[in-house]
């Protein structure tokens, strides 16, 4: 990434320890967000507030569609892996390639379309677009939460991408091959050699 790791602090160490416990390594995005662990923690907690109204699979659909709309490889790989686990690799790969997989429910397809609209041109949305979300069973609360979730993901991705945080080589190696092949955009993953050299 374009910034060095921040000075060692107790909050940074806690962030690193939690990431290592969860993933087995400290990810590049966490190394970047360690400049503001308080903001990173607040982001995670806010995301949890939105979760009760959306399933994990729906969240993964939203992030994958958003990541493809803005060519964000990091979130595409991370959440493509999530979606592959919630559905299958072919479904995740198709969505990351910019297509609506047949395996998506009408509700999920509407969420993916909404995510792309919000990510690319929020001023072009219309009342009819919101009505489409209602027509597939989304409540007004769910529509609001989905929109906030997309906006938060855009903010997170923008920071990562602008400051050069590349997908981790471990992440790229763990995702299904179909998912990895679909992510032809954004910053390329780091290599193991680059990661070892930086540590």
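The C-alpha atoms of the chain define a longest principal axis, and helix 56-69 lies at about 80 degrees to it. One decimal place: the segment residue 10-residue 196 gains 64.6 nm when fully extended, by the rule 0.36 nm per residue minus the C-alpha distance.
Relative to one another, the C-alpha centroids of region 153-181 and region 53-81 are positioned 11 Å apart.
The listed peptides 15-24, 96-105, ordered by packing as a protection proxy, come out as 96-105, 15-24 (highest mean of other Cβ atoms within 10 Å first). Within the listed set 66, 124, 158, the Gaussian network model of the chain (springs between alpha-carbon atoms below 10 Å) gives the highest mean-square fluctuation for 124. Between 0 and 90 degrees, rounded to the nearest ten: what's the tilt of helix 37-50 against the longest Cα principal axis of the chain? The angle comes out at about 20 degrees. Cβ crowding within 10 Å ranks 144, 156 as 144, 156, fewest other Cβ atoms first. Of the residues 46, 91, 113, the one that moves most in a GNM of the chain with alpha-carbon contacts below 10 Å is 46. In the chain, the calculated helix contribution to ellipticity at 222 nm averages -21000 deg cm²/dmol per residue, counting -39,500 (n - 2.57) for every DSSP H run with n ≥ 4.
Using 0.36 nm times the number of residues separating residue 162 and residue 47, minus their current alpha carbon distance, what extension gain do you get? Before the final figure, lay out the partial values.
Numbers: separation 115, 0.36 × 115 = 41.40 nm, distance 2.15 nm.
Going from the current span to full extension adds 39.3 nm.
Can you tell me the FRET efficiency between residue 22 and residue 185 if r is taken as the Cβ-Cβ distance and R0 is 25 Å, rounded to the nearest 0.05? For residue 22 and residue 185, the calculated efficiency is 0.45.
Legend: calculated FRET efficiency, residue 144 to residue 121, from the Cβ-Cβ distance at R0 = 30 Å, rounded to 0.05, equals 0.95.
Taking the chain as a Gaussian network of alpha-carbon nodes connected by springs under 10 Å, the highest mean-square fluctuation of the residues 155, 110, 165 belongs to 155. Relative contact order for the chain: 27 percent, from Cα pairs under 8 Å spaced at least 6 residues apart, divided by residue count.
Sort 75, 40, 64 so that the residue with the fewest other Cβ atoms within 10 Å of its own Cβ comes first and the one with the most comes last. Display every interim value, and only then the final one.
Values: 75 25, 40 20, 64 30.
Lowest to highest Cβ neighbour count: 40, 75, 64.
Helix 73-86 and the longest principal axis of the C-alpha atoms of the chain enclose an angle of approximately 60°.
Cβ crowding within 10 Å ranks 135, 87 as 135, 87, fewest other Cβ atoms first. Between residue 152 and residue 174, full extension at 0.36 nm per residue minus the direct alpha carbon distance yields a gain of 5.4 nm. Take the Cα of residue 129, step 7 Å along the line toward its Cβ, and report every residue of region 147-175 whose backbone nitrogen sits under 20 Å from that point. Counting only backbone N, you get 147-158. From the coordinates of this entry, Rg/Rh (Cα atoms, Kirkwood Rh) is computed, and it appears in (i) 0.97; (ii) 0.93; (iii) 0.95 under the label (i).
Laboratory data are not the source of any read-out in this text; all were calculated from the coordinates shown. The structure presented is a predicted model; accordingly, all values stated were derived computationally and were not measured. When we count neighbours, we look across all protein chains shown, and the Cβ atoms used for this are built from the backbone with ideal geometry, even at glycine.
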